[in-house]
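S.K.: Handing you a structure now.
The values are calculated or read from the model by the stated rules, or taken from the named source; none is laboratory data. Worth saying up front: this structure is predicted, and the values here are computed from it rather than measured. All Cβ positions, even for glycine, are placed from backbone atoms using ideal geometry, and neighbour counts span all protein chains on display. Only protein heavy atoms, including side chains, enter the accessible area calculation; ligands, DNA and RNA are left aside. Shrake-Rupley method; radii C 1.70, N 1.55, O 1.52, S 1.80 Å.
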Amino acid sequence: MSPVWGSMAQYEMVHWSWAIAVYLFLAGLSSGSIMVALLVKWNRHERSNSSIWDAMIKSGAVVAPLSILLGLLLLVVDLGRPLSFYWLLIRYNITSVMSLGVLFLLLYTPIVMVFMLLVFERSVMKYTFLSPLIALIQAVKELHSYAKIIEYFLFVTALCISSYTGFLLSALYAIPLWNSPILPILFITSSISLGIAVNILIGLLFFKSTINEESIKYLLVLDLRVILTELPLLALLFIGMFYAGAESANAAKAALSQGFWAGLFWFGVIGVGLCLPLLTVMIALKSHVYRISYVVINSMVVIVGVLILRYYIVYAGQIYLG
Amino acid sequence: MGKAYRLLYDENACIGCQACSVACRVEHGVPEDFFRLQVRMELKGVFPRLGMSYERMACVMCEDAPCVSVCPTFASFQDKDGLVHIDERVCITCKYCILACPYHARFVNPLKNVVEKCDFCYESRVSKALLPVCVSICPTEALMFGDMNERDSLVYETSHKEALIFPKAHLKTKPKVAFLPKRKGMKS
Amino acid sequence: MFAQNRRDFLKIATATPFIPGSLGAMGELTLCCEDKSIRSMCEMCSSRCPMEARVVNGKVVALQGNAYDKAMGTSLCARGVAGISQLYDEQRLTQPLIRVGKRGENKWRVVSLEEALEYIATKLNHLKKTYGARSVIFSSKTGESYDMLRSFAYAFGSPNVFSHWSSCPIAIESAFEHTFGETMHRDFENANYILNFGHNLFEGLDIPLTKAMARFASNPSKKLIVFDPRFSLMASKANEWYPIKAGSDLAFVLALLHVWIRDGKYDKNFVQHYSVGFDKLEKALKESTPQWQERLTGIEASVVERIADEVYQAAPRCIIDWGHKATTSPAEYQRSRAILIANILMGNVEKRGGIYFPKSAKRINAISFDEMIPTLNEAYPRMFPNEERLDGAGQHGSYVFVPKEHGVLQAIPEAILSQKPYAIKGWFLTRHNPLITLAHPQKMKEAIQNLEFIVVNDIYLSDTAMMADVVLPEATYLERDEGIRDQSDKVPCYTMRNCVIPSLYGTKSALEILRSLAQKLGVDKNYKWDTMAKLRVHQAKGDDAFLEVLLRRGVATFGIPELFLRESKDVERFVEHYPKSKALLCKEGCFSHFFHTLQTPSGKVEIFCEMVEKIFEGYGLPCAVDMDVTQGYPYVLTSGKSAIHTNGHTHNIPYLHQLMSDNPIWMHPQTAKAHGLKMGDAFYVENGIAKEKATVFITEGIRPDTLFAYMGFGRDAPSLKRAHGKGLNPSKLLSLRSAPVCGSMITNVGVKITKV
Ligand code: SF4
Ligand code: SF4
Ligand code: SF4
Ligand code: SF4
């Protein structure tokens, strides 16, 4: 029967587009980088201001608030009615992951900014034009005694942020690719790897720290581990779909084999995001050449890879419905 | 007692004429090239052993409605009779509900910039004891509508006579729309 | 009495506030806040379904079926509902146009209606004086505007009136005429078994019939067999579908008749008493065995045998269904006749679940010996001018059996181009779009270029209107009053089109336009009316109660019980109601006398038609002729309706265009593969007449040797901004050849496929 029921465009529309993919990326980046920074802070070996470890903390303290603010801006602007976003702050539906997300963001965002101020306390003092912030710092200083607690709290909220972005999608059983318990785990994992990569990169570029072979080796190994957990997670995601009924199985098949997005998956997510960093790390570790450029390149491909992963999940999920 | 509305769609009688779709457009001013309702036909089989399935695509009024549970602002809500509506005032058009609906029933009305879907013509007709416009217009009486609490209603009678099919029943959304099983020709 | 009450009738027949939901729509009344319903008649296709419009504050907000007609309920089809979309479409014609550029160049001057009519009157007078009145053709789709146009044309002096019949139902209408003396109807409601030869009620809708058919088809205890080269929606609802070879229905029916006669399985009583020519049929069908038809139709012989038996078992509650727009092959007349004869052999005539004569007021009055049901006065006096028609329809030659009221449209281009039998110089069309709906529009366009004067009355600047000298914007059916129409079916029934809202742009109806033209030309002395109100009063013979019902309800029925003349129970009940009718009872307790006084030459049902045989030897009986539609080409291009669009009318209407804006050509995957075509690819369909570009829709639902196109697409007129340039107009590949005897256009045509 040739169609007589009119345009199908509305049924084939991608409702959550690049802005959401980027938001998911930025939220992952923010939470990932802060978690990594905190882990480093708690576990770093030496207390030297110029070490890479310190640079990573600083980087996290900058990246996390900036990216979450940017992400939030994007999120609001992407609403069909941006000016009515305040309803989100007035009405809470606890069965909605989106509402939960708003709550988490309301907790997370201020704390992450406080954390930034604490980390950059001395720089703020140095620059007179930042003097209006001094009062704030003074107030924050009062909290110093609670610093550890704040850090723990920050870590937990960051974990919430990075996992909620996964739950936001996985709560929708209308979309087979999203509706998987693996997705939040995958998002947490990839946001940690993203946090590592970005913190290293920003640390190296802006907080000119001294860096030694040992640190580089350590960082590369860290990356390797995260990537090696991501691969089986992705596999699990699709295997799960194949066992979740015909619709899901069809969606999985299509998402892996049809059109642009399948190509992007193999080339971008698997190739660029996982195999390429894996390759650089392996080569570096095997040939014992620990150059900074390795670390930089490695970080960049990881970042690109994670961005592609978010894009792929967002788009392919909506396009391949089985 | 609240109403237990039910809408039945009989694909045996449906001829895919789209009268329901156009009537819906007129009733609700559905914008150009958007649809609250479509009836699709799909050919099955290989020549000359063929069959055609007819399917109504519209909100099925889930009792456990994913669109309602995901809506952050309660813009999507259920009324006392369990019908799902949209409160245009508080809809922020986040489109989360559109993605959550397994029946692809929702869209953003580009003129009003809020989410829209079939509402069983509640405001304009059902609340005034009129049938939904699709039901009333259908040339072949393929649609039936009524209250399951009324024992003598056509929907009650038909529901108890036929082995109803609830669309995507495995999702346990408990739709108020049900389909009558196909009787002739190739099964879909 | 008439004279005395005349004023009152007029009051009723026009807007009167005391009638809720009637003509109150006219005048200032609409300005106040109000919400009312007006019952009228749909005109989105020619099925004329009774409908109801809801008007709120002078705006039409909804259309639905008119539930005063039980067979309608509140149902309406997509097109019917989209009447609103047509009414408020900003691409509609709103003002009269006079051509300023070259013909067809689409350059116009906007004029007042008065100026346009003056201009038309002058031009028509000029043509009449120079070439004679017969040099002007008049054409319209059947309906009231056709009745009016015909009376106008005859008064003007031209015999050359054409309806759309020859491009639509003329074959079956001729078959009715020659077999029963009048048109027959089908009682789908009570039938148990239906053989359907492509009568696609699920895509060519008529609400009451479609509804009955849908009920039938979805009832598991009834049986529907569909023969169609394409898996139509009808086929999808059937118990069995046979992809019969295009154009070969006749062979199947002949074999069916053969089997029944061979086995003595037919209603011998009916055949013997009420028909003529059965013995000749018996002889003629000796050869048309089930095995013989196999080669022609592609259906196994055993299927014919089985179906023949099943139908006979179901008789008389069975229908061998004819089509409406049955124009499939040159054998059209024979096919239609064979189908009617199949019904006759099954003895289903005037039986419930069979076929029946419409029970008009006149008929019921005659049987009941009572004048209780109102009959109508003739409003459109029609005195045929004693002139030769350009096609000889109804007069002489090959179209002698074509009613002279309808003519053969396909004969027009040749007549214009050759100026034979005489000069044709003008054409007046109302709601008629031959450049889309008629075969070989290329030739028609060429012919039209030679005309001196063309007037088109239409809602849109259609493909044909583009070629006109004067374009008149017609009021849509929601904006006009019309007269009373006899729409009797199982019981006497009248309908009336009531104006729903005042004309949006002050446009007039065809009736009003023609009435004032008649006055301008001074040929209006026979009209007993000059306004719609007076027309209605005249028709209703001043019966104000009758008129009021029609104003209020849009339909009038009279509580007459359904009557099938050969169903003794019906007859019994009827006699109870109307004791005087007892006089007509036959010994079986039926009204069988009727079958001796039919309007056929013999007065009986004519299986053999002597009158036809005399002029067309071999055509007096159905026989296997003219079934080839391929003309040696590898494929047959067939066409048909969809439930979304009407012929050449609705394709630009927003709501309908949105649903279906194109007509990709159906093609079997095997065929597509053979030509290297993928879904949506462009290709050429080509034959000796045209080579047209089309896109392909690949589907299992069609025979590999057949292509299918929904009709009415491929519009060239740029003013139809939405529909312009979309799809293929299958008419462009059709030849102007007509089917023998009935003069029907042939819509199946041989083509080949070439790659782009
Ligand atoms: S109006 Fe009725 S028959 Fe037509 S498509 Fe809708 S449900 Fe089917
Ligand atoms: S069909 Fe979709 S829109 Fe309708 S109630 Fe269910 S989830 Fe909500
Ligand atoms: S788009 Fe509107 S109705 Fe839908 S989830 Fe968002 S706020 Fe709720
Ligand atoms: S079939 Fe549809 S378009 Fe035709 S008259 Fe009836 S309602 Fe109108």
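S.K.: Looking only at the range C:681-695, which residues are over 18 Å from C:L736 (Cβ atoms), small (G, A, S) and crowded, with 17+ Cβ neighbours inside 10 Å?
M.R.: C:A694
S.K.: Looking at (1) open to solvent by 10 Å² or more (accessible area, probe 1.4 Å); (2) at pLDDT 95 or above, which is the one condition that is false for B:G185?
M.R.: Among (1) open to solvent by 10 Å² or more (accessible area, probe 1.4 Å); (2) at pLDDT 95 or above, B:G185 violates only (2).
S.K.: Continuing with this model, one more query. Within the range B:18-27, can one find any residue that is within 16 Å of ligand 2 (Cβ to nearest atom) and assigned to a helix (DSSP H, G or I)? Can you show your working first?
M.R.: Step one: of the range B:18-27, the residues within 16 Å of ligand 2 (Cβ to nearest atom) are B:24.
Next, from what is left, pick out any that are assigned to a helix (DSSP H, G or I): B:24.
Within the range B:18-27, one or more residues are within 16 Å of ligand 2 (Cβ to nearest atom) and assigned to a helix (DSSP H, G or I).
S.K.: Then there is this: Please specify each residue of the range A:62-102 satisfying the condition of being within 25 Å of A:V114 (Cα to Cα), assigned to a loop (DSSP other than H, G, I, E, B) and of a type outside the set (A, V, I, L, M, F, W, C).
M.R.: Passing the criteria: only A:Y86.
S.K.: Among the residues in the range B:103-114, are any basic (K, R), within 27 Å of A:I90 (Cα to Cα), without any contact (Cβ under 8 Å) to a residue 40 or more places away in the chain and away from ligand 2 (no atom under 16 Å from the Cβ)?
M.R.: Checked against the condition, which is being basic (K, R), within 27 Å of A:I90 (Cα to Cα), without any contact (Cβ under 8 Å) to a residue 40 or more places away in the chain and away from ligand 2 (no atom under 16 Å from the Cβ), the range B:103-114 yields at least one hit.
S.K.: What single numbered condition from (1) hydrophobic (A, V, I, L, M, F, W, C); (2) surrounded by fewer than 23 Cβ atoms within 10 Å (Cβ to Cβ); (3) away from chain A (no Cβ under 14 Å) fails to hold for B:C121?
M.R.: (2)
S.K.: Moving on to the next point. Can you tell me which residue within the range B:40-78, out of those that are open to solvent by 50 Å² or more (accessible area, probe 1.4 Å) and within 23 Å of A:R91 (Cβ to Cβ), is nearest to ligand 1 (Cβ to nearest atom)?
M.R.: So, considering only residues that are open to solvent by 50 Å² or more (accessible area, probe 1.4 Å) and within 23 Å of A:R91 (Cβ to Cβ), the one nearest to ligand 1 (Cβ to nearest atom) is B:E63.
S.K.: Have a look at C:V685, C:V696 and point out the one that is under 14 Å from C:Y635 (Cβ atoms), more than 12 Å from chain A (Cβ to nearest Cβ) and of a type in the set (V, I, T). It would help to see each step written out before you state the result.
M.R.: Values: C:V696 fails: more than 12 Å from chain A (Cβ to nearest Cβ).
Answer to the check: C:V685.
S.K.: Quick check: is even one residue across the range C:99-107 in contact (Cβ under 8 Å) with a residue 24 or more places away in the chain and either among the hydrophobic types (A, V, I, L, M, F, W, C) or open to solvent by less than 10 Å² (accessible area, probe 1.4 Å) (or both)?
M.R.: Going residue by residue through the range C:99-107, those that are in contact (Cβ under 8 Å) with a residue 24 or more places away in the chain are C:99, C:103-104, C:106.
Next, only the ones that are either among the hydrophobic types (A, V, I, L, M, F, W, C) or open to solvent by less than 10 Å² (accessible area, probe 1.4 Å) (or both) stay: none.
Looking through the range C:99-107, none of the residues is in contact (Cβ under 8 Å) with a residue 24 or more places away in the chain and either among the hydrophobic types (A, V, I, L, M, F, W, C) or open to solvent by less than 10 Å² (accessible area, probe 1.4 Å) (or both).
S.K.: If you scan the range A:12-21, which residues turn out to be at pLDDT below 95 and facing chain B (nearest Cβ under 8 Å)?
M.R.: Scanning the range A:12-21 gives a single hit, A:M13.
S.K.: If I filter the range C:499-515 for residues that are farther than 30 Å from C:A67 by Cβ, in contact with an Asp or Glu (Cβ under 7 Å, 6 or more places away or on another chain) and either in contact (Cβ under 8 Å) with a residue 60 or more places away in the chain or part of a loop (DSSP other than H, G, I, E, B) (or both), do I get at least one hit?
M.R.: yes
S.K.: Among the residues of the range A:290-299, are any open to solvent by less than 60 Å² (accessible area, probe 1.4 Å) and modelled with pLDDT of 90 or more?
M.R.: No, there is no match, as no residue in the range A:290-299 is open to solvent by less than 60 Å² (accessible area, probe 1.4 Å) and modelled with pLDDT of 90 or more.
S.K.: Of the conditions (1) surrounded by fewer than 22 Cβ atoms within 10 Å (Cβ to Cβ); (2) within 23 Å of the chain's Cα centre (by Cα), C:I355 clears all except one; give me its number.
M.R.: Exception for C:I355: condition (1).
S.K.: Tell me which residues, restricted to the range C:34-90, are of a type in the set (S, T, N, Q) and either more than 12 Å from chain B (Cβ to nearest Cβ) or within 16 Å of ligand 3 (Cβ to nearest atom) (or both). Please lay out each step first, then the result.
M.R.: Within the range C:34-90, the subset of a type in the set (S, T, N, Q) is C:37, C:40, C:46-47, C:57, C:64, C:66, C:74-75, C:85-86.
Within the range C:34-90, C:S37, C:S40, C:S46, C:N57, C:N66 meet the criteria.
S.K.: Moving on. Against the conditions (1) open to solvent by 70 Å² or more (accessible area, probe 1.4 Å); (2) more than 16 Å from ligand 3 (Cβ to nearest atom); (3) among the polar types (S, T, N, Q), where does A:S123 fall short? Just the number, please.
M.R.: Here A:S123 clears every test but (1).
S.K.: Related question: From the list C:V56, C:V60, which residue is surrounded by fewer than 23 Cβ atoms within 10 Å (Cβ to Cβ), more than 12 Å from ligand 4 (Cβ to nearest atom), among the hydrophobic types (A, V, I, L, M, F, W, C) and farther than 21 Å from B:A19 by Cα?
M.R.: Only one candidate passes the filter, namely C:V56.
S.K.: Just checking: which of the strands (runs of 3 or more DSSP E) contained wholly in the range C:1-95 hold 1 or more residues that are within 16 Å of ligand 1 (Cβ to nearest atom) and modelled with pLDDT of 90 or more?
M.R.: Passing ranges, in order: C:50-56, C:59-65.
S.K.: Suppose we keep only residues that are under 16 Å from the mean Cα position of the chain (by Cα) and under 20 Å from C:A217 (Cβ atoms) within the range B:136-150. Which one would you say is farthest from ligand 3 (Cβ to nearest atom)?
M.R.: The extreme case among them is B:E141.
S.K.: Regarding B:K172, is this residue open to solvent by 70 Å² or more (accessible area, probe 1.4 Å), away from chain C (no Cβ under 14 Å) and within 23 Å of B:K80 (Cβ to Cβ)?
M.R.: Details: open to solvent by 70 Å² or more (accessible area, probe 1.4 Å): yes; away from chain C (no Cβ under 14 Å): yes; within 23 Å of B:K80 (Cβ to Cβ): yes.
Spelling it out, B:K172 is indeed open to solvent by 70 Å² or more (accessible area, probe 1.4 Å), away from chain C (no Cβ under 14 Å) and within 23 Å of B:K80 (Cβ to Cβ).
S.K.: Go through (1) hydrophobic (A, V, I, L, M, F, W, C); (2) within 23 Å of C:T327 (Cα to Cα); (3) assigned to a helix (DSSP H, G or I) and name the single condition C:W241 misses.
M.R.: (3) is the only condition that C:W241 fails.
S.K.: Considering every residue within the range C:256-277, establish whether at least one is under 30 Å from C:L637 (Cα atoms) and hydrophobic (A, V, I, L, M, F, W, C).
M.R.: Yes.
S.K.: Residues being among the small types (G, A, S) and surrounded by 24 or more Cβ atoms within 10 Å (Cβ to Cβ): count how many of those fall in the range C:703-722.
M.R.: Residues meeting the conditions: 3.
S.K.: How about the range B:26-39: which of its residues are open to solvent by less than 50 Å² (accessible area, probe 1.4 Å) and at the interface with chain A (Cβ under 7 Å from one of its Cβ atoms)?
M.R.: B:F34, B:F35, B:Q38, B:V39
Residues are listed down the side, and each one gets a yes or a no for (1) open to solvent by less than 50 Å² (accessible area, probe 1.4 Å); (2) within 13 Å of chain B (Cβ to nearest Cβ):
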| position | (1), (2) |
| --- | --- |
| A:R81 | no, yes |
| A:L89 | no, yes |
| A:I94 | no, yes |
| A:S99 | yes, yes |
| A:Y108 | yes, no |
| A:L136 | no, no |
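S.K.: Hey, can you tell me all the residues within the range C:640-656 that are surrounded by fewer than 24 Cβ atoms within 10 Å (Cβ to Cβ) and within 11 Å of chain B (Cβ to nearest Cβ)?
M.R.: The answer is C:P654, and nothing else.
S.K.: Which residues, taken from the range C:480-498, are outside any loop (DSSP other than H, G, I, E, B) and open to solvent by 10 Å² or more (accessible area, probe 1.4 Å)?
M.R.: Answer for the range C:480-498, where residues must be outside any loop (DSSP other than H, G, I, E, B) and open to solvent by 10 Å² or more (accessible area, probe 1.4 Å): C:R485, C:D486, C:C493.
S.K.: Select, from B:V155, B:V133, the only residue that is within 16 Å of ligand 4 (Cβ to nearest atom) and either at pLDDT 95 or above or surrounded by fewer than 17 Cβ atoms within 10 Å (Cβ to Cβ) (or both).
M.R.: On the way: B:V155 fails: within 16 Å of ligand 4 (Cβ to nearest atom).
That would be B:V133, the only listed residue that is within 16 Å of ligand 4 (Cβ to nearest atom) and either at pLDDT 95 or above or surrounded by fewer than 17 Cβ atoms within 10 Å (Cβ to Cβ) (or both).
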